[in-house]
Amino acid sequence: MRVQEVARFESAGDVRTVSLVQGDDGQLEVRELREGPSAVAVYGESEHSLRVLFAPEAVPGLLGAMAEEGVASVADYLASEDRDIVDLMDLCDRLGVAYSFVGIGEKGDIQYRPAHQQP
């Protein structure tokens, strides 16, 4: 497994850290950790983790989505402060790229949405 921090943004007491995790099995995971007043306002917690997982067979579609956006890689896409993990999910939804979503709160709350293939 390889973990790469792609971006870290700080503003008005908020910190947003974005990382890519490449699994030995070919799975790709995007992690976004949000900390600070905005996390409290949105999630009721001082930090909240959002994760998007792409199975090995979905990675070529994800790379195609990056090309469609005019960027060379997922890291380049997420390195822009104007884009976050929700933008990535919206792009994948629009282009039919399957992924699973997990939200993890500091209180132990977990949200999960499994991947499904487009008809």
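The values are calculated or read from the model by the stated rules, or taken from the named source; none is laboratory data. The shown structure was predicted, so the numbers you read here are calculated from the model rather than taken from an experiment. Just the protein is used for accessible areas: all its heavy atoms, side chains included, with ligands, DNA and RNA removed. Shrake-Rupley method; radii C 1.70, N 1.55, O 1.52, S 1.80 Å.
Quick notes on this structure:
- Entry comment: accessible area of segment 1-55 is 52 Å² per residue, from protein heavy atoms only and a probe of 1.4 Å.
- Averaging the sequence gap over all C-alpha pairs within less than 8 Å and six or more residues apart, then dividing by the number of residues, gives segment 1-51 a relative contact order of 28 percent.
- From its DSSP helices (H runs of at least four residues, each -39,500 (n - 2.57)), the chain gives a residue-normalised ellipticity at 222 nm of -7500 deg cm²/dmol.
- Each Cα pair under 8 Å and six or more residues apart adds its separation to the average, and for the chain the resulting relative contact order is 21 percent.
- Distance from the C-alpha centroid of segment 72-86 to that of segment 96-117: 19 Å, rounded to the whole angstrom.
- When the residues Arg16, Arg31, Arg8 are ordered by accessible surface, computed with a 1.4 Å probe over the protein chains alone, the sequence from largest down reads Arg8, Arg31, Arg16.
- Taking the protein heavy atoms of the chain in the context of the full set of protein chains, the accessible area attributed to carbon and sulfur is 49 percent at 1.4 Å.
- Segment 5-59: Rg to Rh, with Rh as the Kirkwood radius over Cα pairs: 1.10
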